[in-house]
Amino acid sequence: MNLPTLLREAEHHALCKIELIGSILDLGGDARSDYRTLIGGDHTYTTLNLDEKASPDILHDLEHPLPLEAATYDHALLINVLEHVYEYRQLISEAARVVRPKGNVVIVVPFLFPIHPSPQDFWRFSASALRKECEAVGLSVETLVPLGNGVFSAQYLMLDRLLPAPLRLIGYWTLRPISFLADRVFTGLARILRKKYDYADYALGYIVVAQKQ
C-alpha cells in the first residue's frame, strides 16, 4: 500500500481549494501526477520536464531558462520542484515571465521534511523567503498557507519516513491520529498558559498562490 505522507495529504487538501481557468504550464510535473485532478476550474495542462519517464510535452532542464515566449500561459505550477533546482531564483523568474498578467504561479514546497534527492535536494524555504522571492519577480502573493498541524505532526512525519512498510501502515492508523489530537491539545494548553506557540512554526511545507501584476 502506497501511503501518503502527512505533507502530501496537506498539499492535496490545499490544492483542492484552488481553481484555475485556462492554460497551465506544469513545470517539473508529471503527466501522471494526481494533483492535476484536485485543482478546480476549466483548464488544460502542458508539462515541462527533463525526465522522459514523466511523459512531458516539453523536454527541458529547469536549471536553464525556459524555451518559451513571454506571457504564453495563463498559469504556472511549481509543485514540489523548487527544492530540487539549484537555480531556483531563475526558475521563479521564468515562471513569472511566461505567465500572462493577472495569471497565477502556484508554488508548493516542503519545509520540515527529510532530504529527498530527485536527483538532488538543495533548498528549504520559509514563509518569509517565499514571499520575498515572489515579490522580487513581480508576483503579488495572494495566499501563503503553512501545511501541517504543529510540532507533534512534524515529529510523526520524520518518524514515518524511517519506518518499514508494515510499521508505516500501523502508524498511519494509530500514531497519525494521535499526533493530530496531541497538536490540538498542545495548542489549547499553550493558549491557556499564555505560552508563545504557533503551529505554523512547525510547518511541514507551504503552498503559495502568487499573481502576476
Checklist entry - When N counts the residues of the chain, how does its alpha-carbon radius of gyration compare numerically with 2.2 N^0.38 Å, as a ratio? => result 1.07
Item to check | R0 of 22 Å, Cβ-Cβ distance THR44-GLN90: FRET efficiency to nearest 0.05 | outcome: 0.30
Checklist entry - Separation between the GLN213 and HIS60 pseudo-spin-labels, each 7 Å from Cα along Cα→Cβ, expressed in nm? => result 2.5 nm
Checklist entry - Restricting attention to the stretch 27-101, which chymotrypsin sites (Phe, Trp or Tyr not before Pro) occupy a DSSP loop and are surrounded by at most 13 other Cβ atoms within 10 Å? => result TYR86
Checklist outcome for this item: P(r) of the stretch 121-185 over all Cα-Cα pairs, 10 Å bins starting at 0, rounded to whole percent, reads 18, 33, 26, 19, 4
Next on the checklist: I need the shape label for the stretch 35-142. Rule: rounded when a/c is under 1.5, else prolate if a/b > b/c, else oblate, with a, b, c from the alpha carbon gyration tensor.
Outcome noted: rounded
Next on the checklist: On a full-extension model of 0.36 nm per residue, what is the gain between LYS17 and LEU68, subtracting their alpha-carbon distance, rounded to one decimal in nm?
Outcome noted: 15.5 nm
Checklist entry - For the chain, with only Lys/Arg (+1) and Asp/Glu (-1) charged at the beta-carbon, what is the dipole magnitude about the Cα centre, in debye rounded to 20? => result 1040 debye
Item to check | Highest-MSF residue in the chain out of THR44, THR174, THR72 [GNM, Cα springs under 10 Å] | outcome: THR174
Next on the checklist: So for the chain, averaging the separation of alpha carbon pairs under 8 Å that are six or more residues apart and normalising by length, what relative contact order in percent results?
Outcome noted: 23 percent
Checklist outcome for this item: Partner lysines whose C-alpha sits under 27 Å from that of LYS132, ignoring same-chain residues fewer than 8 away, are LYS17, LYS102, LYS196, LYS212
Checklist entry - Say we join alpha carbon atoms closer than 10 Å with springs in a Gaussian network model of the chain; which of SER55, SER140, SER118 then has the biggest fluctuation? => result SER118
Next on the checklist: Based on alpha-carbon centroids, what's the gap between the stretch 114-128 and the stretch 44-112 in Å, whole number please?
Outcome noted: 16 Å
Checklist entry - Can you tell me the Rg and the Dmax, both Å, for the Cα atoms in the stretch 151-198? => result 12.8, 40
Checklist entry - Once whole DSSP H runs in the chain are found, which of them have Cα atoms spread over 24 Å or more along the helix axis and a mean Kyte-Doolittle score of at least 0.0? => result 175-192
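No value in this document is a laboratory result; all are computed from the given coordinates. What you see is a predicted model; the values in this text were computed from it and never measured. Don't worry about glycine lacking a Cβ; one is built from the backbone with ideal geometry, like all the others, and counts go over all protein chains shown.
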